[in-house]
Amino acid sequence: MLELRDVHTYYGRIRALRGVSLEVKAGEVVALIGSNGAGKTTTLKTIVGILKPQRGEIQFEGKRIDGVATDRIVRMGIAQAPEGRRIFPRMTVLENLELGAFAREDALGVRADMERVFRLFPRVKERLHQKGGTLSGGEQQMLAIARALMARPQLLLLDEPSMGLSPILVEAIFETIRSIRSQGTTILLVEQNARMALRVANRGYVIQTGRIVLHDTADALLKSDLVRKSYLGEK
Amino acid sequence: MEWYEVLVQQTINGLTRGSVFALIAMGYTMVYGVIELINFAHGDVFMLGLFIPLTVVTLLGVSTTLVGWQILGVLLPLFLVTMLVTGAINLTIDRVAYRPLRRAPRLAPLITAIGVSFMIENLAMLWKGPAPIPFPDLFPNVDILNAWLGIDTLIYFTTKDLFVVVVTLPLMLALELFVTRTRWGKAMRATAQDRETAAAMGINVERMIMLTFFTGGALAGAAGLIQGMYYNIGQWWMGYQAGLRAFTAAVIGGIGNMPGAALGGLFIGFLSAWSDQYISARWTNALVFAILILFLVFRPQGLLGERPPDRT
Ligand SMILES: Nc1ncnc2c1ncn2[C@@H]1O[C@H](COP(=O)(O)OP(=O)(O)O)[C@@H](O)[C@H]1O
Ligand SMILES: [Mg+2]
């Protein structure tokens, strides 16, 4: 479904990605784990075209999407819950959800997905007419995922959904990711919380300073020395 | 005139002036909201909103006051054409002058905007000459209080005053409904709040910027036409002063905030009319700019602004 081949991305002269290759197949949950500054967010921004890769190739459903404008990539079926949630602060929760569905023309489908999203996130429904900026961090994260789902994406990109949340909320968010997975949405999940991510993922990639250093099934990664030492804090 | 009649009279003047400032200020603030540019050329688009319909009515040979059905039959198309053309001009200014600088440091488009403003003003001077030019007295002027209501007063409130309010209010209301209720209006606000995330919603950000410039230009054009029909005079530099006052209005309301710009425009209208009367017309500009500076220093987010204008 999604394939990155030897992708290099720069911020000016700073090399953030130095040859990232990874693949997400339909129906999978793939985790991309790495510490702060490794290049996870840059990878996602490059996929959706906010950043243009200097070198390499990105394919989605067999079509090249590197160099394509962000709004067109999104219309092709990739939605994201970005790092830091990025809720529109001065718009209501409902308006945020409507914007998630901006690219869609099927009003009936949108309404059905709204109901589906409310079932996944009852809290979001309770806050429907509040301004996005007034929600708590956890509620904003739920809204960010809900908003992305409103696009009915084929591929959902999640950038550190657990960041800054209490353990109970992290548990709740990952529970939701499980149910989204069970409904058949393909997910690329970026996390620093390697343990949680690899528990929901089928496969995982480990990124360090802009390079993929390891990839395997999630179970194998959880048992690997590198992951246990560097990301799970075990000896 | 009794003192209270003077006050009411100047307040009526303030209302009509302020309505025009409000329309200009809303476009100013919309553009700032979306690309964080103080579009100095915005006032000059207002001037074109007077010059362009002037050329149209001259070509059509309309030079006397309209009567009966003519009022709607002539004015409606005239407003539509003016707004379409000034909207298109404003959009073109963005495409040609600002868009190539979208990723440049903010000073670059700002200086470019000043350059565009000078260019339009000088072209307008070449076009219509440096002297004040008359605008035909299209709208019938009836003293409503005395002639229609039979109230014996020196306060002069005419059909022209009423006309200004009756055109301006629906325009402002329509804009407010557009940005708060429609899909594209919401996309425009989303773009203003977070461009990158707006793109990630599938919104074509450049198209939203075009829509913003078009709408702002159309409002400025309507304001120019209203100004021409109300004062029956125009001049190539008129956009300069109106633009600065409208900018002040936008800052007072909280730049980027549309209801704020409308309120700020009315406020500057009242203030300048009162100042003309009670202080001196010569001091009005100084007063307006003193207020601008006070706001920039002590309350840069304006009265209704929710965040400081500078996010960087
Ligand atoms: N806007 C930026 N300008 C310059 N360098 C950046 C920018 N954003 C990120 N970087 C750098 O790129 C590298 C990767 O960052 P990022 O992708 O955000 O990491 P992660 O999401 O894994 O924490 C880091 O070294 C970071 O300092
Ligand atoms: Mg990151």
Checklist entry - What list do you get for A:Phe60, B:Phe298 if you sort them by fewest beta carbons within 10 Å? => result B:Phe298, A:Phe60
Checklist entry - Spin-label point model (7 Å from Cα, Cβ direction): what's the A:Glu171 to B:Thr92 distance in nm? => result 6.5 nm
Checklist entry - Between region B:221-286 and region B:1-68, what is the C-alpha centre distance in whole Å? => result 8 Å
Checklist outcome for this item: Inter-part gap, Cα centre of region B:101-137 to Cα centre of region A:138-174, in whole angstrom, is 48 Å
Next on the checklist: Within 10 Å of each Cβ in B:199-211, how many Cβ atoms from other chains are there, averaged over the peptide?
Outcome noted: 6
Next on the checklist: Under 8 Å for C-alpha pairs, at least 6 residues apart: give me the relative contact order for region A:84-152, rounded to a whole percent.
Outcome noted: 56 percent
Checklist entry - Two-decimal Rg/Rh of chain A from alpha-carbon positions, Kirkwood Rh? => result 0.96
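Quick one: what do you get for region B:86-133 if you divide its Cα Rg by 2.2 N^0.38 Å? Please report the intermediate quantities before stating the final value.
Details: Rg = 12.9 Å, N = 48, 2.2 N^0.38 = 9.6 Å.
Output field value: 1.35.
Going by how many other Cβ atoms sit within 10 Å of their own, how do B:Tyr240, B:Tyr230, B:Tyr32, B:Tyr4 line up, fewest first?
Going from sparsest to densest Cβ surroundings: B:Tyr4, B:Tyr240, B:Tyr230, B:Tyr32.
Under the definition of partner shielding as Cβ atoms of other protein chains within 10 Å of a residue Cβ, what is the mean value for peptide A:64-74?
3
Taking neighbour Cβ counts within 10 Å as the exposure measure, how do B:Val251, A:Val74 sort from fewest upward?
Details: B:Val251 29, A:Val74 23.
Lowest count first: A:Val74, B:Val251.
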Checklist outcome for this item: Per DSSP, the loop-located trypsin sites (Lys or Arg not before Pro) within region B:88-153 having at most 16 other beta carbons within 10 Å are B:Arg102, B:Arg103, B:Arg106
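Read-outs throughout are calculated quantities, based only on the coordinates presented, and are distinct from any laboratory measurement. Source: prediction; values computed, not measured. Positions of Cβ are backbone-derived with ideal geometry, glycine not excepted, and every protein chain shown enters the neighbour counts.
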